[in-house]
Amino acid sequence: MATSPDMLAEIATAPASLAGPSGVLPRQDIRKLVHRGMVRSTSGAFAESQYQPASLDLRLGHKAYRVRASFLPGPNKSVAQMLADLTQDEVSLEEGAILEKNCVYVVELMESLHELPATISAFANPKSSTGRLDVFTRLIADRSEAFDSVAGGYSGKLYAEISPSSFSIKVRKGSRLNQLRFRRRGSGQEEAEGFRVSDRELREVHRRTALVDGPATIRNGLLFSIHLGDAEGEIIGYQAQRFTDVIDVDRVGGYEIDDFWTPIPAKRKRLILDPHQFYILASKERLHIPPAFAAEMAPIDPAMGEFRVHYAGFFDPGFGVGAGGVPGSRGVLEVRSHEVPFLLEDGQVVGRLAFERMAAEPDALYGAIGTSNYQGQALKLSKHFRS
């Protein structure tokens with residue numbers, strides 16, 4: 001792997017050990033994985049902006065494969081073997097290409113893993129901007145039986161499955177749609193278990209550093225509710241329009257909201273979700289993720305309702321810190337109802353945050369790096385739209 005002068009300087013000063021407490025690896029430890037060649041790039045170098053407080057942005061490679069169906073390779077096959085059977089078309093991304101909505105594509109990523117330590121596993125999620133465009137993106141690894149999960153000890157390529165739902169999108173080599181997190185486990189820990197902060201500990205964290213701007217409802221994680229208006233006519237959300245132009249995922253602030261979204265005014269503090277329609281809404285609570293923790297939107301409990309909330313459900317350490325350290329950012333929610341209309345009322349619980357302990361506090365928090373697009377947000381569409 002080619003190494004830039006800046007990377008050589010970092011390697012010279014980087015601590016050598018990958019040992020340490022269990023938990024989600026901060027960006028300084030992700031750099032160690034890169035320096036040791038355990039995370040590599042076909043370009044030979046990584047951009048500084050790829051390093052998030054607790055994750056690494058992944059970049060699309062040079063070619064997209066349009067496939068007949070979503071798939072998992074299973075324990076005995078590679079992704080390449082599956083593509084040989086399912087590919088309908090190949091699309092070059094060198095100069096940019098359109099991925100049409102309601103189609104499924106697979107793209108080999110520029111990043112790959114090589115002899116990942118057995119004690120370190122990887123997990124992926126869509127970037128916030130990806131989820132807010134209703135682009136369903138999942139990570140696939142060779143011989144995998146689950147999306148978005150890479151076992152410790154893995155060596156091989158990584159792929160993104162991409163399925164735009166509301167808007168066709170334009171992407172190119174180097175576009176970033178998802179990100180990779182790493183967990184280090186201690187002796188006796190299972191690969192994906194034992195990381196979650198208990199409700200008892202979460203209550204103690206809230207007593208020390210407020211997680212929300214009011215009383216915290218903690219029950220199998222931090223519960224949050226929907227905001228549907230303080231005054232009649234207030235814009236409380238947006239519904240995706242069905243027939244629109246293409247959105248270039250790398251074009252920031254380039255589109256008018258009204259060309260793609262229909263604003264939703266508050267009406268009697270309730271909203272009926274239409275089946276198969278996509279909505280951007282916001283939480284009633286303002287949130288804050290303390291530096292020693294990361295949080296993930298847990299899968300929706302069917303007991304709460306037949307709808308999906310939040311495709312890109314990862315919150316970095318430092319997200320939401322406001323003036324004086326108080327919680328300052330609402331959770332923006334990507335919502336899609338399933339087979340039947342569903343009534344939401346203001347203050348209704350719609351999801352929960354599961355907290356995990358960081359292995360160490362990141363050397364830079366969300367909001368302190370140049371790619372923190374959603375710090376201090378209220379109701380906010382993706383970065384592609386003009387305010």
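Just so it is clear, none of the values below were taken in a lab; they were calculated from the coordinates. This structure is a prediction, so every number in the text was calculated from the model and none was measured. Note: ideal-geometry Cβ built from the backbone for every residue, glycine included; neighbour counts use all protein chains shown.
So for the chain, averaging the separation of alpha carbon pairs under 8 Å that are six or more residues apart and normalising by length, what relative contact order in percent results?
This gives 19 percent for the chain.
Could you check which residue among PHE182, PHE342, PHE314 shows the biggest mean-square fluctuation in a GNM of the chain with a 10 Å Cα cutoff?
Checking each option, the largest mean-square fluctuation is seen for PHE342.
Hey, how many Å between the Cα centroid of the range 318-355 and the Cα centroid of the range 218-245?
Using only Cα atoms to place each centre, the spacing works out to 8 Å.
So, in Å, what gap is there between the alpha-carbon centers of the range 147-169 and the range 47-96?
6 Å
Pull up all non-local amide H partners of ALA124: gap of 5 or more, or a different chain, and H-to-H distance under 5 Å with H placed in the peptide plane.
SER149, ARG181
Tell me the net charge near ARG172. Cut-off is 12 Å between Cβ atoms, ARG172 excluded, with +1 for each Lys or Arg and -1 for each Asp or Glu.
Details: positive: ARG59, LYS63, LYS170, LYS173, ARG176, ARG251; negative: GLU94, GLU95, ASP248, ASP250.
Taking every Cβ under 12 Å from that of ARG172, the sum is +2.
Convert each backbone phi in the range 170-184 into a coupling constant with the Karplus relation 6.51 cos²θ - 1.76 cosθ + 1.60 (shift: θ = phi - 60°), then list the ³J(HN,Hα) values in order as whole Hz, x for Gly and Pro.
9, 10, 8, 4, x, 4, 10, 10, 9, 9, 10, 10, 10, 10, 9
Looking at the chain as a GNM with Cα springs under 10 Å, which of ASP274, ASP89, ASP29 has the largest mean-square fluctuation?
Checking each option, the largest mean-square fluctuation is seen for ASP89.
So which residue, out of ASP346, ASP316, ASP230, gets the largest mean-square fluctuation from a GNM of the chain using Cα contacts under 10 Å as springs?
Among ASP346, ASP316, ASP230, the largest GNM mean-square fluctuation belongs to ASP230.
Compute the Rg/Rh shape ratio of the range 5-184: radius of gyration over Kirkwood radius, all on alpha-carbon atoms.
With Rh from the inverse mean 1/r over Cα pairs, Rg/Rh is 0.97.
Counting helices only, and only those DSSP H runs with n ≥ 4, report the 222 nm mean residue ellipticity of the chain as the sum of -39,500 (n - 2.57) divided by its residues, in deg cm²/dmol to the nearest 500.
Result for the chain, helices only: -3000 deg cm²/dmol.
Cα atoms only: what Rg and Dmax, in Å, come out for the range 159-269?
Over the range 159-269's Cα set, Rg and Dmax evaluate to 20.6, 55 Å.
Averaging over every viewing direction, what projected area does the convex hull of the Cα atoms of the range 217-350 cover, in nm²? It would help to have the intermediate numbers written out before the result.
Working: hull surface 39.0 nm².
Taking a quarter of the hull surface, the average projection is 9.7 nm².
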